[in-house]
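Student: Dumping the structure here so I can ask a few things about it.
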Amino acid sequence: MSLSAAAFSLLALHLAAAGLAAAQGRRRPAPPSARPFVCLLRPVCGQDRFDRETLASSFGLDWPDYEIVFCAAREEDAAVPLVRELIRLHPGARARLLIGEERITANPKLNNLAKGWAASPARMIAIADANLLLPRDYLEQLAAEWRPGVALVSSPPAGGRAEGLWGALEAGFLNGLQGRWQLAAARLGLGFAQGKTMYLDRALLDRQGGLAALGGELAEDVAATRLVRAAGGTVRLVPRPFTQPIGRRRLRDVWARQLRWSRIRRQGFAALFALEPLLSPVLPVLMLSATAPLMIPLFLALWYGGEALLCRAMGWPAGRRDLAAWVLRDLMLPVLWAATFARQGFEWRGTAMAPAPDRPAA
């Protein structure tokens with residue numbers, strides 16, 4: 001195969017993924033066949049700009065019977081007063097705040113959630129990060145994907161309400177890159193769990209030792225995907241990701257976050273991670289520059305035109321600033337991928353995280 005043909009093959013793959021992701025977004029699942037009692041677990045750690053709105057979205061969901069269990073590791077956590085205020089403002093809600101940390105794993109999020117997991121009588125658990133904005137039909141959407149063979153329902157976040165170029169860059173990573181490929185894989189029946197939101201029957205995890213079973217990987221979503229597949233089940237994604245408000249970002253924070261996630265993917269799914277340089281147009285453009293440089297403008301127009309169409313179909317940002325952010329993101333990808341090999345672990349919220357010694361990175 002010539003270099004030009006290889007470059008346009010990568011373009012075809014890029015456009016096919018966009019088409020599959022858009023098809024996933026057009027699905028209209030039937031209403032859930034059952035509406036069981038659900039525990040909505042929301043871990044909090046510190047307070048961000050949108051927390052009042054995102055945590056308040058826990059209340060008033062269109063679901064007949066559910067409880068909300070907020071979890072904080074320490075009484076002095078900045079989010080605790082806000083959570084208590086929100087509970088007071090919704091006296092009719094079945095909501096509570098639990099404080100404390102049980103060190104069941106090296107993952108501080110799981111340690112924070114352990115008390116809520118143990119305290120709830122619910123069999124169906126929905127875990128939603130504090131920075132996720134829940135639509136009123138959040139539980140309805142999750143339960144609509146539950147069917148025989150499904151062991152976990154999840155969704156990547158969709159970056160919304162980005163401010164400035166660096167906020168748009170963060171949204172570009174979440175939407176047109178990570179969201180596109182996760183939704184495309186789900187359309188092909190290869191769903192991957194995403195820790196931002198996970199809906200599961202606790203019996204599956206309890207048979208494996210509870211939440212501690214998710215602590216054997218750098219991230220709980222990698223562990224959950226592996227556990228579900230090992231049990232013969234599948235991970236299913238909702239058609240359209242739930243929104244994570246972005247706001248303003250600093251470039252160094254975007255880099256650090258993407259580097260952390262990159263190391264998680266390298267450790268969790270090494271074979272797929274090895275292919276990630278092909279997700280950027282940098283390599284095919286270099287191929288064309290050596291064989292057919294006049295084709296580069298057409299190639300880039302098709303590459304980014306496909307992403308723009310996907311983003312508009314999904315309701316994701318797709319303006320001029322976003323286009324500039326996509327280009328910057330794609331230039332960063334090869335550098336980010338190479339930087340991932342500098343070390344295996346990372347620090348998250350002051351906690352050093354490293355792969356288990358019996359789980360090599362590759």
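The values are calculated or read from the model by the stated rules, or taken from the named source; none is laboratory data. Here the structure is a predicted model, which means the values were calculated and not measured. In this analysis, Cβ positions are derived from the backbone assuming ideal geometry, glycine residues included, and neighbour counts consider all displayed protein chains. These area figures cover heavy atoms from the full protein model, side chains too; ligands, DNA and RNA do not enter into them. Shrake-Rupley method; radii C 1.70, N 1.55, O 1.52, S 1.80 Å.
Student: State which residue is farthest from Arg250 (Cα to Cα) when the search covers only segment 141-191 and only residues that are open to solvent by less than 10 Å² (accessible area, probe 1.4 Å) and assigned to a loop (DSSP other than H, G, I, E, B).
Tutor: Top of the filtered list is Glu145.
Student: Could you list, in sequence order, the residues of segment 38-72 that are in a helix (DSSP H, G or I) and surrounded by fewer than 21 Cβ atoms within 10 Å (Cβ to Cβ)? Give the steps one after another, and end with the answer.
Tutor: Step one: list which residues in segment 38-72 are in a helix (DSSP H, G or I), which gives 51-56.
Those that are in a helix (DSSP H, G or I) and surrounded by fewer than 21 Cβ atoms within 10 Å (Cβ to Cβ): Asp51, Arg52, Glu53, Ala56.
Student: A further question follows. When Ala7 is evaluated against the numbered criteria (1) more than 23 Å from the chain's Cα centre (by Cα); (2) modelled with pLDDT of 95 or more; (3) open to solvent by 10 Å² or more (accessible area, probe 1.4 Å), which criterion, by number, is the only one it fails?
Tutor: It is condition (3) that Ala7 fails.
Student: Quick one: in segment 342-362, of everything that is in a loop (DSSP other than H, G, I, E, B) and within 27 Å of Gly247 (Cα to Cα), which residue is modelled with the lowest pLDDT?
Tutor: Top of the filtered list is Arg349.
Student: For segment 194-227, enumerate the residues that are in contact with an Asp or Glu (Cβ under 8 Å, 6 or more places away or on another chain), open to solvent by 10 Å² or more (accessible area, probe 1.4 Å) and under 21 Å from Pro239 (Cβ atoms).
Tutor: Gln194, Lys196
Student: Being assigned to a loop (DSSP other than H, G, I, E, B), touching a residue at least 24 places away in the same chain (Cβ under 8 Å) and of a type in the set (A, V, I, L, M) narrows it down to one residue among Ala22, Ala7, Ala18, Ala34; which is it?
Tutor: The unique qualifying residue is Ala34.
Student: Right, something else. Take Arg236 and decide whether it is open to solvent by 50 Å² or more (accessible area, probe 1.4 Å), modelled with pLDDT of 95 or more, basic (Lys, Arg) and in a helix (DSSP H, G or I).
Tutor: No, not satisfied.
Student: Show the residue pairs meeting these rules: Cβ distance below 7 Å; 6+ apart or different chains; first residue within segment 133-158 and closer than 21 Å to Leu174 by Cβ; second residue among the polar types (S, T, N, Q) and part of a loop (DSSP other than H, G, I, E, B).
Tutor: Leu133/Ser57; Leu134/Ser57; Leu134/Ser58; Ser154/Gln194; Ser155/Gln194; Pro156/Gln194
Student: Sticking with this structure for a sec: Starting from residues that are open to solvent by less than 20 Å² (accessible area, probe 1.4 Å) and out of contact with any Leu (no Cβ under 8 Å at 6 or more places or on another chain), keep the ones in segment 116-134 and report whichever is nearest to Cys39 (Cα to Cα).
Tutor: Within segment 116-134, the match that is nearest to Cys39 (Cα to Cα) is Ala122.
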